[in-house]
Amino acid sequence: MGHTGFQVSAIGLGTVKFGRNSGVNYPRSFELPSDTEARQLLDLAKGLGINLLDTAPAYGCAEERLGFLLSKDRNDWVIVSKVGEEFSDGQSRFDFTPEYTRLSVERSLARLRCDCIDVVLVHSNGEDLAILHHYGTLEALAELKQRGLVGSYGISIKTLEGGLQAAATCDVLMVTYNPAHRIEEPVLKACHEHSTGVLIKKALSSGHLDSTEQDPVQASMNLSLRHCATSSVIVGTLSSDHLRSNVIAAHNALTT
Ligand code: NAP
């Protein structure tokens, strides 16, 4: 993953659906999985060669569930979590101050039951430039990295300008990239130039796939994974069939 030293699978598993089923933009409503179902999905992911999990405090109880479910094999996974966004009572609120950043990382460490979070990203609210220049969020993450509580850090961007600036200074960026949303493509190029890791979010358009495309999953994987900047595509799913077909599509994208 860029210059971080982490070796990550082409597909990572996103865990929004492990912990939150309100205030989300998926085509269908869903129940949170039971512990058994979540554990089965993690075992399947591991069996398919996936070693990367993406979570966040804003994903309801997802971090706590991962802490419980991964207590025996935590070291087999590269875990990405976030700071800055909280979601409660159906609403998001944001706090990017250094004090809150430290508290949030300490709380994530306790929830995930680990001594270090491999990657921590700022969960942007769209004000990428303010986050980069005014709050001191990244400086707080740099200090946490120096203390060994965080392995690498960066930002999950929402703007082109923010992404272009963050590419030069962060270890890892999370970027939306799919056939219907390519506006941040220059950010990928900038990340490649700076050896900054790139995690793709919403590669499958959060499930709103193009019905005119013959194989929209394959088309999305081809786009994301064939870009030289991409470290991994984070796909959110609760379906073992979808997880398997995503891994096959990723394999096809990289080998044909
Ligand atoms: P996504 O991965 O593009 O799409 C997930 C949706 O697609 C789910 O509803 C899933 O439903 C469906 N899906 C998965 N595989 C499929 C397949 N093979 N065929 C048909 N449908 C399929 O979007 P996302 O969940 O919004 O984003 C992915 C991850 O990125 C999240 O879990 C999260 O970790 C991260 N993320 C981060 C941010 C941020 O930092 N601001 C924002 C958004 C997302 P099933 O459960 O039925 O498979």
Inset, instruction - Along Cα→Cβ, 7 Å out, is where each label goes; now give me the distance between the ones at L254 and S239 in nm to one decimal. - result: 2.3 nm
Legend entry - Sites S92 and K72, calculated FRET efficiency, Cβ-Cβ separation with R0 30 Å, nearest 0.05: 0.35
Legend entry - Residues with amide H under 5 Å from that of L52, placed H, sequence gap 5 or more: S9, L13, V78
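Whole-Å semi-axes of the range 181-256's equivalent ellipsoid, largest first, each the root of 5 times a Cα gyration tensor eigenvalue?
On the way: eigenvalues 94, 36, 28 Å².
Here the semi-axes work out to 22, 13, 12 Å.
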Legend entry - Residues C116 and T169, FRET efficiency given R0 of 25 Å [Cβ-Cβ distance, rounded to 0.05]: 0.75
Inset, instruction - Would you please classify the overall shape of the range 1-116 from the alpha carbon gyration tensor, given that a ≥ b ≥ c denote the square roots of the eigenvalues, rounded means a/c under 1.5, and beyond that prolate means a/b larger than b/c while oblate covers the rest? - result: oblate
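Over the range 160-253, what is the mean sequence separation of C-alpha contacts under 8 Å (at least six apart), divided by residue count, expressed as relative contact order in percent?
27 percent
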Legend entry - Spatial separation of Cα centroids for the range 47-121 and the range 19-45, in angstrom: 16 Å
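Could you grab the relative contact order for the chain? Cα pairs under 8 Å, six or more apart, rounded to a whole percent. Each step should come with its number before you reach the end.
Working: 502 pairs, mean separation 54.9, N = 256.
Relative contact order of the chain: 21 percent.
For H133 and E161, compute 0.36 nm times the residue count separating them, minus their Cα-Cα distance, and round to one decimal in nm.
Working: separation 28, 0.36 × 28 = 10.08 nm, distance 1.25 nm.
Taking 0.36 nm per residue and subtracting the Cα distance, the gain is 8.8 nm.
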Legend entry - Vicinal HN-Hα couplings computed from phi for the range 228-241 (Karplus, 6.51 cos²θ - 1.76 cosθ + 1.60; Hz; Gly/Pro x): 5, 7, 5, 8, 7, 9, 8, 10, x, 7, 10, 9, 5, 5
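What is the range 16-96's relative contact order, in percent, from Cα pairs under 8 angstrom and six or more apart in sequence? Let's see the in-between values first.
Numbers: 91 pairs, mean separation 26.5, N = 81.
RCO, the range 16-96: 33 percent.
Helix-only estimate, please: 222 nm mean residue ellipticity of the chain, summing -39500 (n - 2.57) across DSSP H runs of length 4 or more and dividing by its residues, to the nearest 500. Let's see the in-between values first.
Details: 10 runs with 100 residues, N = 256.
Here the helix-only value at 222 nm equals -11500 deg cm²/dmol.
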Inset, instruction - Take every DSSP beta bridge whose two residues both sit in the chain, then give the antiparallel share in percent to the nearest 5. - result: 15 percent
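What does DSSP give for the range 42-193 in terms of the percent of beta bridges that are antiparallel, rounded to the nearest 5?
Working: 5 of 21 bridges.
Taking every DSSP beta bridge within the range 42-193, about 25 percent pair in antiparallel fashion.
Bear in mind that the values in this text are calculations on the coordinates, not laboratory data. These numbers come from a predicted model, not from an experiment. Positions of Cβ are backbone-derived with ideal geometry, glycine not excepted, and every protein chain shown enters the neighbour counts.
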